Amino acid sequence: MSSFWLDSIAQHRVKRESLEQDIEVDVAIVGGGYSGLWTAYYLKLFQPDLRIAIIESDHVGFGASGRNGGWCSGFLPMTLSELDRAHGRDAAINMYRESFRTLDEIESVLAKEDIDCDYHRGGTIRGATNVVQQIRVVDEVAELRSYGFSESDLQLLTTDDCKSRINLQGLLASNYTPHCAVIHPAKLAFGLAQAVENRGVKIYENSRVTKITSRRVELQDITVRCQIVVRATEGFTSQLKQHRRTLAPLYSYMVVTEPLSDSQRAEIGWHNRETYHDARNMIIYVQITKDGRIAFGGRGAPYHFGSSVKPAFDNHNVIHQRIVESMHQVFPITKSLEITRRWGGPLGVPRNWQPSVNFDRATGLASLGGYVGDGVAATNLAARTLAHLVISDSHPLTKLPWVNKSSRKWELEPMRYLGINGLLKLSTGIDKHEGTTNTPDKIRTKILDMFL
């Protein structure tokens, strides 16, 4: 099922030709989402004479880039303390500072390339609806402070401060960061595609890659020879046989309402288009669109055996109904609104739950991804990092801790199936326990932390 974002601008989609014969280029990029598009953009910016082709199995923005929640967030799926433990304090701070700065970079490109994607930098509110969530909300601010970040990066909100932004009921605590913007995801994907084509990048659609090897990309009966191959396939990585265990495709689902009426908007406020989520374990993510629709997403869908990805998985009645119920709890006003679209799609999740940027000059193989659903801004930072690695200019971005730190592969089946779905059930169970008892679920949380 197609997303609201793709459907809303379907008439503006440019249909591009398929790859029908062998070609030779300098850089072949597999995947026409944000990762591939941003990589092509910066490579052309840094080295305009490069011959670059993007090879997409469906159409530009078909994957997560055209289906996501529209959060352009400077926060990462790994915390500062997690980065600190793995790479040291300075590396953790540098990683977050560069991630926060990425929003400025994206804004600059949008202005330069005249890309209208409904971008608005209203920040993010994170709320707490029980005592355990309240501790997480407060601790998140304390952690950033301990690494030298200030109130301008993340601050606690008073009840009145929060209600002046979004009129939410029943919050025990909330925090706010300005390091997030909202976008129309498909408009960004289409705009980036036009920008790279204007710079001479060739995009092939409906061209399914079957194998990636050193300096070679193979399709059925067609070969692309190149100096560098960039794998930018994210949630569809498992469809490449040799990468079946590289990234696990975990599904995320969304719904969108009809536009709020003027009176409903007056009741709820939300005029600065802040994104919203709460501190539960099973993530929800919310934005209000430029035309006043509430777009509400969530995770928790079962992982499919063998890292399977199918169009039939894009809709899940049970999960979608849970998302609608969660939306009604967070925003009671939505009970009177029609749900106009439901959709879903796979995220790319590495075994260590941390994205990476990889380049081996000896083989010409490169990759970026594993964003665990936090990829809208991270794709830009990853692509800039990869472009600097390729041109070998010793840029500071190439020293960030995610460079050439790819995760180990996921376990063989059926362990992968049992393990991932077990973790999802644990998260759901912990949230239920916290919500009903207002106390931490220490045993299950400890088990969850052991595997994440």
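Scanning region 85-105 for any residue that is of a type outside the set (V, I, T) and touching an Asp or Glu at 6+ places or on another chain (Cβ under 6 Å) turns up at least one such residue.
Can A295 be described as at pLDDT below 95 and either in contact with a Cys (Cβ under 8 Å, 6 or more places away or on another chain) or not polar (S, T, N, Q) (or both)? Here the answer is no, as A295 does not meet what is asked. Tell me, which residue of region 257-270 that is closer than 21 Å to D160 by Cα and in contact with a helix residue (DSSP H, G or I) (Cβ under 8 Å, 6 or more places away or on another chain) is surrounded by the fewest Cβ atoms within 10 Å (Cβ to Cβ)? Result: E267.
Conditions tested, residue by residue: (1) aromatic (F, W, Y); (2) in contact with a His (Cβ under 8 Å, 6 or more places away or on another chain); (3) farther than 24 Å from Y371 by Cβ; (4) in contact (Cβ under 8 Å) with a residue 24 or more places away in the chain.
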residue	(1), (2), (3), (4)
H87	no, no, no, yes
F100	yes, yes, no, yes
N130	no, no, yes, yes
R145	no, no, yes, no
K163	no, no, yes, yes
L168	no, no, yes, yes
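Here L43, L37, L76 are screened, and the one residue that is within 21 Å of the chain's Cα centre (by Cα), modelled with pLDDT of 95 or more and either part of a helix (DSSP H, G or I) or not assigned by TED's automatic domain parsing to the domain that holds P401 (or both) is L37. A single entry from Q287, Q220, Q239 fulfils the requirement of being more than 17 Å from the chain's Cα centre (by Cα) and buried (at least 17 other Cβ atoms within 10 Å of the Cβ): Q239.
Checking the conditions here, which among N404, N421, N438 is exposed (fewer than 14 other Cβ atoms within 10 Å of the Cβ) and more than 22 Å from R101 (Cα to Cα)?
So the residue among N404, N421, N438 that is exposed (fewer than 14 other Cβ atoms within 10 Å of the Cβ) and more than 22 Å from R101 (Cα to Cα) is N438.
All of S2, S65, S57 fail the test of being in contact with a Phe, Trp or Tyr (Cβ under 6 Å, 6 or more places away or on another chain), touching a residue at least 40 places away in the same chain (Cβ under 8 Å) and hydroxyl-bearing (S, T, Y), apart from S65. Can you find a residue that is within 26 Å of G306 (Cα to Cα), touching a residue at least 24 places away in the same chain (Cβ under 8 Å) and either part of a loop (DSSP other than H, G, I, E, B) or of a type in the set (S, T, Y) (or both) anywhere in region 223-232? Yes, region 223-232 has at least one match.
Can you work out which of the residues in region 10-31 that are part of a loop (DSSP other than H, G, I, E, B) and buried (at least 17 other Cβ atoms within 10 Å of the Cβ) is modelled with the lowest pLDDT? Taking the candidates together, the pick is R13. Filtered by the rule that a residue be of a type in the set (A, V, I, L, M) and under 26 Å from G419 (Cβ atoms), region 358-392 gives L368, V372, A378.
Each row is one residue, and each column tells you yes or no for (1) among the aliphatic types (A, V, I, L, M); (2) in a helix (DSSP H, G or I); (3) within 17 Å of N68 (Cα to Cα); (4) without any contact (Cβ under 8 Å) to a residue 12 or more places away in the chain.
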site: S238; (1), (2), (3), (4): no, yes, no, no
site: P249; (1), (2), (3), (4): no, no, yes, no
site: A266; (1), (2), (3), (4): yes, yes, no, yes
site: A295; (1), (2), (3), (4): yes, no, yes, no
site: H320; (1), (2), (3), (4): no, yes, yes, no
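Table: residues versus (1) outside the structural domain of F75 (by TED's automatic domain parsing); (2) of a type in the set (D, E); (3) in contact with a Pro (Cβ under 9 Å, 6 or more places away or on another chain).
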| residue | (1), (2), (3) |
| --- | --- |
| V286 | no, no, no |
| T289 | no, no, yes |
| G297 | no, no, no |
| S307 | no, no, yes |
| E325 | no, yes, no |
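All of (1) of a type in the set (D, E, K, R); (2) on the phi < 0 side of the Ramachandran plot; (3) assigned by TED's automatic domain parsing to the domain that holds Y34; (4) surrounded by fewer than 22 Cβ atoms within 10 Å (Cβ to Cβ) hold for R215 with one exception: (2). Of the strands (runs of 3 or more DSSP E) contained entirely in region 144-207, those carrying at least 2 residues that are in contact with a Lys or Arg (Cβ under 9 Å, 6 or more places away or on another chain) fall at 173-177, 180-182, 202-204. When you check A53 against the structure, is it in a strand (DSSP E or B) and either assigned by TED's automatic domain parsing to the domain that holds T223 or at pLDDT below 95 (or both), yes or no? For A53, the condition - in a strand (DSSP E or B) and either assigned by TED's automatic domain parsing to the domain that holds T223 or at pLDDT below 95 (or both) - is met.
The values are calculated or read from the model by the stated rules, or taken from the named source; none is laboratory data. Treat the numbers as computed from the prediction; the structure is a model and nothing was measured. With ideal geometry, Cβ positions are generated from the backbone for all residues, glycine too; neighbour counts draw on all protein chains shown.
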